[in-house]
1. Provide the per residue accessible area, probe 1.4 Å, for chain B, rounded to a whole number of square angstrom.
2. Take the alpha carbon atoms of chain A, find their radius of gyration, then divide it by 2.2 N^0.38 Å using N residues; give the quotient.
3. Dividing the Cα convex hull volume of the protein assembly as shown by residue count, how many Å³ per residue is that?
4. How far is helix A:2-20 tilted off the main Cα axis of chain A, in degrees rounded to 10, range 0 to 90?
5. Take the alpha carbon atoms of the range B:126-260, find their radius of gyration, then divide it by 2.2 N^0.38 Å using N residues; give the quotient.
6. D for the range B:2-254, whole µm²/s, Stokes-Einstein with Kirkwood Rh over alpha-carbon pairs at 4 °C and 1.567 mPa s: what number?
7. For the interface of chains B and A, what total accessible area is buried with a 1.4 Å probe, rounded to the nearest 100 Å²?
8. Taking the Cα centre of the protein assembly as shown as origin and charging only Cβ (+1 Lys, Arg; -1 Asp, Glu), how large is the dipole, in debye to the nearest 20?
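The values are calculated or read from the model by the stated rules, or taken from the named source; none is laboratory data. Computed from a predicted structure; not experimentally measured. Cβ placement follows ideal geometry from the backbone for every residue including glycine, while neighbour counts extend to all protein chains displayed. These accessible areas exclude ligands, DNA and RNA; they are computed on the full protein's heavy atoms, side chains included. Shrake-Rupley method; radii C 1.70, N 1.55, O 1.52, S 1.80 Å.
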Amino acid sequence: MKRWVRPFFATARLWLRFMATDRFMLFCVFFQPFFIAVTVMYMLRHQPSFDPVYVVVGSGLTGIWSVVLFDGTWAVQSERGYGTLELVVGSPASMAAIVAGKLAAGVVFSLTSMAFCYGIGAWLFGYEIAVREPAPFLVALVLAIVSLGAMGVLLAPLAILARAIGRFFTILEHPVYIFGGFLFPILLLPGWLHPVSYALPPYWAAVALHGTSSGDLGGVELLGVCAALIGSSVACILLALPFFRLVERRARVDGSLALT
Amino acid sequence: MGTARLFFVGSLFSYRALFHWLNPSAYLFQKMGFPLVQLAFFAFVGRFGGAQPLDFYLLGNAMIVGFQAMFSISSTISDERWQGTLPYLIGSPANRVVLFFGRGSVHALDALVDLAAAFLFAIFLFGLDLSHATWTGMLLAILVASLSSCAFGLFLGAAAYLVLDAAFLGNLALFAIVLLTGANVPLAELPSWAQAISWTLPLTRTVAAARGFAAGGPLLDGLPLLAADLGVGLAWGLAGFALFRWLETQARRRGTLEGF
């Protein structure tokens, strides 16, 4: 247990400090959601049923996802850049715990984007923004960030095992905004693409957060979405573990980690 | 002859070596994938909002795809520091005008490829209707979009020496272009101070001209707009060169080449 908990919190503390001074991460958390929120506010505000909380939640999700994506991709790759990857893998601490600590710091940090987007809607546009179901929204928010973080844990070892995959991840930002239905319903997508959305934890995170913030989701439906979020988180972690073992094997047995 | 050689060799190598892609998959994913999925994202949001016809968003976002070249150029200039080649560049006797503007030439051609891909994507995947378009005008608009984006990139590259982060500056410029050039939000809807910023950006008039050409408007109506955007682009490029020369002078005077 000590092999997991202590490295997890130590890494999370250190990574939080690193992110708070990293210009690109600050961009992802503050500037990008700002521009997306303002642009989308202008694009959607003429709808008869326009609800500003939809834009606030959706734009906040874009900030959270961007941090998870880039943090997940760089969580291990950055160690290679610093020349510390072999040291991390060679230490007795679990590598998955170190990556999870980094991602936990990332998602906690990225939550500020949601608060920032609230400020844009309320102060810049003067909208009255209210979350209809605050308690279920908080539960949904916790489950959403856990599931997005779990997806980051899955991306991290894949990005280090194959550089080509790592490059591909960097363009996954907008596709997940699209398939996750962050700022428009996925019903606008062709029907044959809907299963892609259903397979993505960000989609269920968006359903849970949009549904609880607007008050349209409750009871059994909410439980079902929460179950999907928990299930997808567990699936991501279980899928990630063999890849972490492969990373460790390449470092310890093959000695080829820096070459992949 | 030596100047022409410096221009072509410098531009080609800045494109090949400093942009970090050495194989076609990286090019396709990073260079072309990102603008296309961003186009799709804003097209879907626009369709959901319904404030303007879908073609408004498709055309606007296809025209601003030239921003990718802006990103690339700003990176190739600012990356001289990170690659450790800045002192050699400053110490070389090469003509500075050729050296600086040569950095953008291949990227300008590359931007044309990006813009062509964006239009093919918008026409065949989303059904952008250009059946009544004035094609000469459209082609001229695409050419001006690529040139003025590259000129803006030259300025950002020089400015990145001051703020130390080209990615941050490039992303900031990208989202300003998405919001303020009229690609997604009609300029009349923006506050007057934001409109004032819009007219200083390199793509605003080109987007407006392209909308006229796409609707079958006469070539002569759009030419003044394109000429004005060429002027804006030229002003940004010259401002970038002036900033580069000023920083170079300061770096020589103080002996702080890496601090440049």
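1. Solvent-accessible surface per residue comes out at 40 Å².
2. 1.03
3. 163
4. 60
5. Taking N as the residue count of the range B:126-260, the ratio is 1.23.
6. So the translational diffusion coefficient is about 70 µm²/s.
7. By this definition, chains B and A bury close to 3200 Å².
8. Rounded to the nearest 20 debye, it is 1520 debye.
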